[in-house]
Each structure stands twice: as structure tokens, then as C-alpha cells.
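Input: a single structure, listed below in C-alpha cells.
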């Protein structure tokens, strides 16, 4: 089995993990959560998002979060449209994420635009961001299955990713949004993407809805992927993907990789401390096997 010596973890808990929490979490708790994650060794992180507070009230404190948490690590802010990007320009953050769903139905449910319409809107924005020196990450939703359309065509994913690369993005985060992919599908898609887009940073993003995320990470590793989005405590989900549970837990991924001899640079005990900070404010249980084992001893 060919495996990398080192893997980069992109922590998405503060943004993707918290956005669906029903109770508003105090800004101070979010800031402490982020700082604890950084102390644990997380060098790349989705901090927050500039989205409509009407639709995602949990992210209404985005500017304060950015002001308090920027440092010399890569801090990414989701800014999916012109309004969000204009708000980003008012901060010192230099890394941005945009997103689009491969599935037309999912994209319409999510942002009331077709995939084609979204790409037409994003092209000039990405070009502008690159001209201003921003790191641009494109998040590709429903890359394997859609909650409304079922199996997503692999070639459609490759085509969409290739278009983003033509637009000039630095990174592609390819997501199993509803957690239905299996290792064979994961190996196939990421092998094609590595072959077609060898000079693009490629990241895999798995949800653990059906308990397949760790197996899918191993399959992605074998396809040559060495970057993974994970969420401390397994927080997250998607409001437009019925039944989708949280992202794969950072603790479980780090534990598995370290046991396999793959370095992550993340301290597990400090990671547990970070989850301890946010746990009292959550309306759902922590979905992390490692965390439960550590806290029930």
C-alpha cells in the first residue's frame, strides 16, 4: 500500500461544523474554540463565512471572528458571492472559499441558481480575487451523490473541477456531501482528478453519514490525496442535504493516520481540549469515537 509520509488536515469545524447549530453560540466561545484548535496544531482552517445572517444567523459575527483569530496560518473564509467578497475585502484575511454543487437540483435548493449560473457568476470574482493576491479554494458539493438526483456522473465532477482550475483557483475541495460514497468510487474519482489536474491542490471532504468516511480516506490516500477536510467533534451537516450528518471527526482521522505512521502535526490531547470548549454550547452529541473514549475513561 502506497501512503504519504505526511497529511495536511484542514479544520472546518468553526465554519462548516457550527453553521447548522440551532442555538446561537457566543462569539467568545467560537474564538476560544478556534484558538484551541490552532494550539493543537491546525495550520489550515475555515474560520467563518460571509453569508446572509438571515439564512445563516450563526455566522453573523464573522468579522469579529476574523479580527480576533487571524495569524500566520492559512485562515479561510467562505464568501460565496459578490456581497460576501466585498465584506471579505474589508478584513485582512487573504484566503477565500467559494462553492458550487455538481448537481443542478442541489445547487438550486442551496443558492437558488443552476450550476451553470453559479459558475458564470464566480468566474469574474475568482479572476478578481487572484489579481488581488488571494488564495482561492473551490468547494465542490455533491461530487458523488445528490440527495435529490442520486448518483452523480463522475465525468461531470471532473469537468466542473477542470473549469474551476481554468478560472484560476488554487485548491479544489471535493465533497461527499451526503456521505454515501464508497471506497471504490472514491479511489476512481480522485485517481482521475489527480491525473487530469496534477498541478492543482486537491483536498477530499467526507461526511460520515453511513460510517464510511475513514474507509474513504484510506481510498483517497491510495489515489494520491494527502489533504483532508475534517471537523473537530464530527460537527456539521448540510441544511440542503436531508439526512446528512456531520463531517468526519478530526480526532478520529488524526488517530487513524498517526497509527498508520502518517504525520499530521496535530496533538490529539489538545484537540480534545478544543472540543471541550465548544461542547457545552452544542445542541447535538459529539460524533467522535476518539473523543468519547477519552472522555469516558
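Computed quantities for the displayed model
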{"quantity": "Any hit, segment 76-93, residues being within 22 Å of residue 282 (Cα to Cα) and outside any strand (DSSP E or B)", "calculated": "no"}
{"quantity": "Flag for residue 251 being more than 17 Å from residue 37 (Cα to Cα) and either in contact (Cβ under 8 Å) with a residue 40 or more places away in the chain or surrounded by fewer than 16 Cβ atoms within 10 Å (Cβ to Cβ) (or both)", "calculated": "no"}
{"quantity": "Hey, residue 127 surrounded by 15 or more Cβ atoms within 10 Å (Cβ to Cβ), touching a residue at least 40 places away in the same chain (Cβ under 8 Å) and not in a loop (DSSP other than H, G, I, E, B) or not", "calculated": "no"}
{"quantity": "Within segment 154-177, considering residues that are in contact (Cβ under 8 Å) with a residue 40 or more places away in the chain and surrounded by fewer than 17 Cβ atoms within 10 Å (Cβ to Cβ), the one farthest from residue 123 (Cα to Cα)", "calculated": "156"}
{"quantity": "Qualifying residue in segment 185-205 (condition: closer than 18 Å to residue 19 by Cα and not in a helix (DSSP H, G or I))", "calculated": "yes"}
{"quantity": "Lone unmet requirement of (1) assigned to a strand (DSSP E or B); (2) in contact with a strand residue (DSSP E or B) (Cβ under 6 Å, 6 or more places away or on another chain); (3) touching a residue at least 40 places away in the same chain (Cβ under 8 Å) for residue 100", "calculated": "(2)"}
{"quantity": "Counted residues, segment 270-295 - those being over 12 Å from residue 33 (Cα atoms) and either touching a residue at least 12 places away in the same chain (Cβ under 8 Å) or in a helix (DSSP H, G or I) (or both)", "calculated": "13"}
{"quantity": "Some residue of segment 139-147 being in contact with a helix residue (DSSP H, G or I) (Cβ under 6 Å, 6 or more places away or on another chain), surrounded by 15 or more Cβ atoms within 10 Å (Cβ to Cβ) and at positive phi", "calculated": "yes"}
{"quantity": "Count of residues meeting criterion [part of a loop (DSSP other than H, G, I, E, B), in contact with a helix residue (DSSP H, G or I) (Cβ under 7 Å, 6 or more places away or on another chain) and at pLDDT 95 or above] in segment 230-269", "calculated": "3"}
{"quantity": "Test: residue in segment 167-178 that is assigned to a loop (DSSP other than H, G, I, E, B), at pLDDT below 95 and more than 18 Å from residue 202 (Cα to Cα)", "calculated": "yes"}
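Conditions (1) at pLDDT 95 or above; (2) in a loop (DSSP other than H, G, I, E, B); (3) crowded, with 18+ Cβ neighbours inside 10 Å, marked per residue:
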| site | (1), (2), (3) |
| --- | --- |
| 16 | no, no, yes |
| 19 | no, yes, yes |
| 32 | yes, no, no |
| 35 | yes, no, no |
| 42 | yes, yes, yes |
| 47 | yes, no, yes |
| 54 | no, yes, no |
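Residues checked against (1) closer than 24 Å to residue 10 by Cβ; (2) at pLDDT below 95:
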residue	(1), (2)
95	yes, no
113	no, yes
120	no, no
125	yes, no
134	yes, no
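The values are calculated or read from the model by the stated rules, or taken from the named source; none is laboratory data. Quick caveat: nothing in here was measured; it's all calculated off a predicted structure. Virtual Cβ from ideal backbone geometry, glycine too; neighbours counted across all protein chains shown.
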